[in-house]
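Structure, as C-alpha cells:
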Amino acid sequence: MDKKFSVIIVEDARLELKGTEEIFRTEIPEADIIGTASNEAELEALLQKEMPDMLLLDLGLGGSTTAGVDICAKVKSRFPAVKVLVFTGELLNENLWLDVLDAGADGITLKTGELLTKHEIYSVMGGKRNVFNQPLLEKLVERFRESVTRDTAHKKSLIHYEIDRYDECFLRHLALGYTKEMIASLKTMPFGVKSLEKRQADLISRLFGESEQRGINVTRLVVRAIELHIIDVDNLEADE
C-alpha cells in the first residue's frame, strides 16, 4: 500500500503507546500519526482539528474496560468514513469483542502474540470488515470448532433417539423449570398435561436403558437430555 493515510492513536499506557508508535514508524511508513490521546476528551480535541483516516483505539482507558466501546460507537455515528481498528489486551472478555463490533469497529487486534502488524492496518484501510489478528483468529476458530461439534452431536442425538420438535420443546422447558401445566399452556405445545406425562414416560424409555428406567424424575431426565446434547444448556430460551 503506497497511499499515505492519517492515524490517531487512543492509548493511555505510555509504554504501550511508544511501542505502537515504533511499529508504525518501522513497519507502516505510509501512516502519518497526526495525534495521540489517552481519553475521550483528548480525542475529541484532536477530532476538532483534523479528521483521521484511521482510529487505532484501545478498549481499556482510565481503568474502564468498556470506554473504548462507547468511543467507537460515537466516532462511527458521527464520522462513518473513519476506519476504527481496536487494539486491546482483553484476551478473555469475548462479550466485549461483540460489543465493539456492534459499535461499528472495522477490526480487532489483540495485544498478544504477534501484536499489531501492517497486515491488519492495510486490510482495514483497504475497506475490509471484521479484520482480526492471529491470536484472535485462533480463538474464533476454536469457538467455531466447539460450536460445530456441539451442533453435530445435537443433530445426531435427535436422529438416534427419534426426538421430534415437541420432545425438544418439552425437555427444554422442563430444563427452564416449567411445570407440565405451564408447558401445556404454550402456543407451541398442543398437548394436555396427561399427554405430556405419557411423553415424559416415553422419553425415559428412549433415553435410558431398561435397567436405569426405574425412579427417573424430571431432573434426571433433563440432565440426561443435556448429556446427550438433545438440549443445549447454554442456549435455553422459552417459547411464548
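The values are calculated or read from the model by the stated rules, or taken from the named source; none is laboratory data. What you see is a predicted model, and the numbers here were worked out from it, not measured in a lab. In this analysis, Cβ positions are derived from the backbone assuming ideal geometry, glycine residues included, and neighbour counts consider all displayed protein chains. When the accessible area is computed, the model is the full protein with side chains, heavy atoms only, and any ligands, DNA or RNA have been set aside. Shrake-Rupley method; radii C 1.70, N 1.55, O 1.52, S 1.80 Å.
Within the same chain, aspartates and glutamates fewer than 8 places from K139 are excluded, and of the rest, those with a Cα less than 15 Å from its Cα are E90, E94, E114.
Within the set (1) 1, 6, 12, 15, 16, 13, 11, 9, 6, 5, 4, 2, 1, 0; (2) 1, 7, 15, 20, 21, 18, 12, 5, 1, 0, 0; (3) 1, 6, 12, 13, 12, 8, 6, 6, 7, 8, 7, 6, 4, 2, 1, 0, the number that P(r) over Cα pairs in 5 Å bins from 0, in percent takes when calculated for this structure is listed as (3).
Among all the lysines, which ones have a C-alpha under 18 Å from K3's C-alpha, if same-chain residues fewer than 8 places away are not counted? Partners found: K83, K118, K128.
Taking all protein chains together and rolling a 1.4 Å probe, H119 ends up with roughly 110 Å² accessible. Once you order the gyration tensor axes a ≥ b ≥ c over the Cα atoms, which shape class does the range 17-69 get: rounded for a/c under 1.5, otherwise prolate or oblate by comparing a/b with b/c? Note, shape of the range 17-69 comes out oblate.
Share of antiparallel DSSP beta bridges in the chain, in percent to the nearest 5? Intermediate results must be reported in sequence, preceding the final value.
Values: 1 of 21 bridges.
Once the DSSP bridges in the chain are tallied, antiparallel ones form about 5 percent.
FRET efficiency for the pair E237 and Y122, taken as 1/(1 + (r/R0)^6) with r the Cβ-Cβ distance and R0 = 51 Å, rounds to 0.80. Here is the list for the range 1-77: trypsin sites (Lys or Arg not before Pro) lying in DSSP coil, each with at most 13 other C-beta atoms within 10 angstrom of its C-beta, are K3, K4.
With a simple spin-label model that places each label point 7 Å from the Cα along the Cα-to-Cβ direction, the separation between K198 and I159 comes to 2.9 nm. Estimated from the Cβ-Cβ distance and a Förster radius of 45 angstrom, the FRET efficiency linking E210 and E94 is about 0.55.
Counting only aspartates and glutamates at least 8 places from K187 when in the same chain, those with an alpha carbon closer than 15 Å to its own are D167, E168, E237, D239, E240.
Here is how the number arises for the chain: DSSP H runs of 4 or more residues each give -39500 (n - 2.57), the sum is divided by the residue count, and the result at 222 nm is -15500 deg cm²/dmol.
Quick check on my link table: of K155/K198; K4/K49; K18/K76, which ones sit more than 22 Å apart, alpha carbon to alpha carbon?
Numbers: K155/K198 24 Å; K4/K49 19 Å; K18/K76 26 Å.
Exceeds cut-off: K155/K198; K18/K76.
With 0.36 nm allotted per residue and the present C-alpha distance subtracted, the K18-I226 stretch has 69.9 nm of extension available. What the range 170-240 shows is 60 Å² of accessible area per residue, with the surface traced by a 1.4 Å probe over protein heavy atoms. With both labels modelled 7 Å from their Cα along Cα-to-Cβ, the M182 to K49 distance reads 6.0 nm.
In terms of its C-alpha gyration tensor, the range 180-240 comes out oblate, because a/c is 1.5 or above while a/b does not outweigh b/c. Leaving ligands, DNA and RNA out of it, report the carbon-plus-sulfur percent of the accessible area of the range 98-195 at a 1.4 Å probe. Of the solvent-accessible surface of the range 98-195, carbon and sulfur hold 54 percent.
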